[in-house]
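Visitor: Provided herewith is a single structure, encoded as structure tokens, for subsequent inquiry.
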Amino acid sequence: MTKILITFIVFSQMLIFHFSNSQTFTKITSGEFVNDGGASRSVNFIDYDNDGDLDLYVTNGKRFGQRNFLYNNTGGVFTRVFNTALVNDSLPYDGSSWADYDNDGDADLCAVTWYDSTNMLYQNNGSGNFVLVTGSPILINRGFSETCSWGDYDNDGLVDLFITNSEGIGPWRNRLYKNTGNGNFASVDSGAVNLDVNRLSRGVNWVDIDGDRDLDIFVCNENNQNNIIYNNNGAGYFTKVLNITPVTTGGNTWSSSWGDYDNDGDLDLFCANWNQKNFLFKNDGNFNFTQITNDTIVNEVGNFACSGWGDYDNDGDLDMFVTQAYKTPNSPLKNNLYKNQLIETGNPTFEKITSGDIVNDMGYSYGFAWADWDGDGDLDIFIAKTYNENENNAAYLNNGNNNKWLEVKCVGRTADRSAIGTKVKIKAVINNNPVWIMREVDGQSGYCGQTLDLHFGLGNAPVIDTLKVEWLSGNTSVFTNIPVNQKLTIDENGGIIGINNINNDVPERFTLNQNYPNPFNPKTIINYQLPMSNYVKLTIYDVMGKEVNVLVNEKQNAGKYEIEWDASNYPSGIYFYKLKAGQNNETRKMMLIK
């Protein structure tokens, strides 16, 4: 394995810009992840080994192409991984999507193939060890698959899977698979989704369009076929939506992205189109949309491939990045970045950014993903290049500014563990104006595998007044007065989990201290010490030995730590907390009295 080191020069440039209000990206030119070459397709950032860093997975799609790429991230240092099932075959892969489909606390993978090849399902057995799941209909139902995405359509706490197909033998269709809960899936062969045949489907999004806490489906089609919306009527029954603008405008859509770009509390739609102008639809509520036709973001013709919302300048509104693939007279092969001017001007209009490598580098770009891969609170970007094996993938590091930020990881309990479809809403005062900002956990849709973690830019907000989490299960969590510039984990049962590294002094031995106060109501503090860097798991059990919460599940450096457990949602009684770090483990008892 070869380590990828981001050079001192790059970090120096980051520090220079970090304290200014300018906003630029630094192109990364060293390291295998931008020098491997490949006919790359989809990009996923996912913490597959639960060590707290976002790792990188890239598929390669040439018919007799090379293997997929997997890079392990440790504190901003990437290492290419070879000895795993994920990269040990050379099928023509296209889309890929990660989620914890077996609810065991780690992310699993589906990767789909074209040329009538076999799709793949890999189960993560912990710490990044993967096993190919055989005998699943996901593998047996072969097709010309483009993309896949995870989402719990029947709200049973288990993520299901949707796969798009753009060709087939005889009548072909997209595929919906229900998670059976025993590690496998069943093909759903009836209903509205199954009735649509011979669609040239490129991408799919699971998205709660109407805000009723169940996941609807949006499918984008090419060759002037209308895009499709399936409205989830509850318990997983779908009705095809007709006669509204997103599904009557035709188009040659390769990808679609949903995000609340106007900060009005519902999800709007952007469609990246091939050899024509892109589409932007403003969500007016209750499946009503207004098509935006007089904005820079939809006034350019190009061979647009993949799109994605992200607040790259941390000002409190969503910006848009779009890749272009294949050169024509109308397409100069430059990718497009559009800055949202909502916070600055009060109007959700876009400015096209024309300076910087990120929008002037040439190449056949395909999938990409926004991700804070260096952990500094702003969104970086990685782009898959597609034309041939001589074109390298590209990475751009965000140099940042003074704006505030928050990153949120949601952990479902009644909802699925990856919390796909969960909405997080934040209220903060930006530029002296109260603003509500909303994000939804996305099922890594299509070729653009945005992270399962949620990123919020907060402008000059000094504090987050209100943070509201709406789980698909129907539960709602509300928190107030949250500090900015931090990463939070929010557990559906246990509230906010914040880990405080008290100091980096190296303790002499492994220690788990008694919680305080004890007895407690409803919050208590747990302290522990690590003499060396290790993978750490801190688990809460009830008196019957049933796991009720996992407070820590990541790699931590040597040092002294404290973590608060909020037991507001638990009954009075005796509980146990167990700390495991490598070969060391210790358990202590505590009492909750209400």
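The values are calculated or read from the model by the stated rules, or taken from the named source; none is laboratory data. All figures in this text were calculated on a predicted structure; none of them were measured in a lab. Ideal geometry is used to build each Cβ from the backbone, glycine not excepted, and the neighbour counts take in all protein chains shown. In case anyone asks, the SASA skips ligands and DNA or RNA and just uses the protein heavy atoms, side chains included. Shrake-Rupley method; radii C 1.70, N 1.55, O 1.52, S 1.80 Å.
Visitor: Where in the range 517-538 does the amide nitrogen come within less than 14 Å of the point 7 Å from the Cα of Glu508, taken along Cα to Cβ?
Guide: 531
Visitor: What are the semi-axes of the equivalent ellipsoid for the chain, taken as the square roots of 5 times the Cα gyration tensor eigenvalues, largest first, in whole Å? Could you put the intermediate results ahead of the total?
Guide: Working: eigenvalues 259, 146, 129 Å².
They are 36, 27, 25 Å, listed from largest to smallest.
Visitor: What Kirkwood hydrodynamic radius, in Å, does the range 187-333 give when the mean of 1/r is taken over all pairs of distinct Cα atoms and then inverted?
Guide: Hydrodynamic radius (Kirkwood, Cα pairs) of the range 187-333 is 15.9 Å.
Visitor: In square angstrom, rounded to the nearest 10, how much accessible surface does Ser30 have for a 1.4 Å probe?
Guide: 40
Visitor: Then there is this: If one takes the longest principal axis of the Cα atoms in the chain, at what angle in degrees, from 0 to 90 and to the nearest 10, does the Cα axis of helix 8-18 lie?
Guide: Once rounded, one gets 90 degrees.
Visitor: Non-local amide H neighbours of Ile28 (under 5 Å, H modeled in plane, Pro and chain starts lacking H): which ones?
Guide: Correct list: Ala395, Tyr396, Leu397.
Visitor: May I ask you to evaluate 6.51 cos²θ - 1.76 cosθ + 1.60, the Karplus curve with θ = phi - 60°, for each residue of the range 563-576 and list the ³J(HN,Hα) values in order in whole Hz, giving x for glycine and proline?
Guide: My calculation for the range 563-576 gives 9, 9, 10, 9, 9, 4, 9, 10, x, 4, x, 8, 10, 10 Hz in order.
Visitor: With the contact rule set at Cα under 8 Å and sequence spacing of 6 or more, what percent relative contact order holds for the range 442-571?
Guide: Numbers: 221 pairs, mean separation 28.5, N = 130.
Averaging sequence separation for qualifying contacts and normalising by length gives 22 percent for the range 442-571.
Visitor: In addition: Cα-Cα over 29 Å: which of Lys423/Lys589; Lys327/Lys352; Lys423/Lys580; Lys62/Lys425; Lys178/Lys580; Lys282/Lys423? Please list the in-between numbers first.
Guide: Numbers: Lys423/Lys589 35 Å; Lys327/Lys352 20 Å; Lys423/Lys580 32 Å; Lys62/Lys425 41 Å; Lys178/Lys580 35 Å; Lys282/Lys423 18 Å.
Cα-Cα > 29 Å for Lys423/Lys589; Lys423/Lys580; Lys62/Lys425; Lys178/Lys580; rest within.
Visitor: If amide H atoms are built 1.01 Å from N in the plane of the peptide, which residues on other chains or at least 5 residues away come under 5 Å of the amide H of Ser149?
Guide: Amide H neighbours of Ser149: Phe162.
Visitor: Largest first, what is the accessible-area ranking of Ile169, Ile496 with a 1.4 Å probe?
Guide: Working: Ile169 145, Ile496 35 Å².
Correct descending sequence by accessible area is Ile169, Ile496.
Visitor: Then there is this: Packing-wise, with mean Cβ within 10 Å as the measure, how do 365-376, 505-516 rank, highest first?
Guide: On the way: 365-376: 24.3, 505-516: 13.9.
Per-residue mean Cβ counts within 10 Å order the peptides as 365-376, 505-516.
Visitor: Okay, moving on. Mind listing the phi-derived Karplus ³J(HN,Hα) values for the range 400-415, rounded to whole Hz, using 6.51, -1.76 and 1.60 with θ = phi - 60°, and x for any glycine or proline?
Guide: x, 7, 8, 5, 7, 7, 8, 10, 10, 10, 9, 10, x, 10, 6, 5
Visitor: Dividing the alpha-carbon Rg of the range 518-585 by 2.2 N^0.38 Å yields what?
Guide: Output field value: 1.15.
Visitor: Just check the range 148-231 against the gyration tensor rule for me: Cα atoms, a ≥ b ≥ c as the square roots of the eigenvalues, rounded for a/c under 1.5, and otherwise prolate or oblate depending on whether a/b exceeds b/c. Mind dumping the intermediate values first?
Guide: On the way: a/c = 2.23, a/b = 1.32, b/c = 1.69.
Oblate, since a/c reaches 1.5 and b/c is not below a/b.
Visitor: What residues have an amide H closer than 5 Å to that of Val81, excluding those fewer than 5 places away on the same chain, when H is modeled at 1.01 Å from N in the peptide plane?
Guide: Leu70, Tyr71, Asn72
Visitor: Could you work out the relative contact order of the chain? I mean the mean sequence separation of Cα pairs under 8 Å and 6+ apart, divided by the number of residues, in percent.
Guide: Working: 1815 pairs, mean separation 73.4, N = 594.
Normalised by residue count, the contact order of the chain is 12 percent.
Visitor: May I pose another question? How far apart, in nm, are the 7 Å Cα→Cβ label points at Asn557 and Leu132?
Guide: Once both label points are built, they end up 4.0 nm from each other.
Visitor: Next up: Order Lys282, Lys62, most accessible first, counting only protein heavy atoms with a 1.4 angstrom probe.
Guide: Working: Lys282 60, Lys62 95 Å².
Reading off the accessible areas and sorting them downward yields Lys62, Lys282.
Visitor: Taking the range 364-429 on its own, what percent of its Cα-Cα pair distances exceed 18 Å?
Guide: Working: 1279 of 2145 pairs.
In whole percent, the share of Cα-Cα pairs in the range 364-429 beyond 18 Å is 60.
Visitor: Another one. Compare Thr113, Thr290, Thr118 by solvent-accessible area with a 1.4 Å probe and give them largest first, with all protein chains kept in place.
Guide: Values: Thr113 0, Thr290 65, Thr118 40 Å².
The most accessible residue leads, giving Thr290, Thr118, Thr113.
Visitor: For the range 280-354, what's the relative contact order in percent, using C-alpha pairs closer than 8 Å and at least 6 residues apart? Intermediate values should be presented prior to the final figure.
Guide: On the way: 130 pairs, mean separation 17.6, N = 75.
Relative contact order of the range 280-354: 23 percent.
Visitor: Could you work out how far the C-alpha centroid of the range 384-431 sits from that of the range 191-207, in angstrom?
Guide: The distance from the Cα centre of the range 384-431 to that of the range 191-207 comes to 26 Å.
Visitor: I need the shape label for the range 30-165. Rule: rounded when a/c is under 1.5, else prolate if a/b > b/c, else oblate, with a, b, c from the alpha carbon gyration tensor. Don't skip to the end; give the middle numbers.
Guide: Values: a/c = 1.87, a/b = 1.12, b/c = 1.67.
Note, shape of the range 30-165 comes out oblate.
Visitor: With a sphere of radius 13 Å drawn around the Cβ of Tyr535, what net charge do the other residues whose Cβ falls strictly inside it have (Lys, Arg +1; Asp, Glu -1)? Mind dumping the intermediate values first?
Guide: Details: positive: Lys537, Lys555, Lys580; negative: Asp47, Asp49, Asp51, Asp53, Asp106, Glu554.
Local charge sum for Tyr535: -3.
Visitor: Per residue of the range 159-174, in order, report the coupling 6.51 cos²θ - 1.76 cosθ + 1.60 (Karplus, θ = phi - 60°) as ³J(HN,Hα) in whole Hz, putting x for Gly and Pro.
Guide: My calculation for the range 159-174 gives 6, 9, 9, 10, 10, 8, 10, 10, 8, x, 9, x, x, 10, 8, 6 Hz in order.
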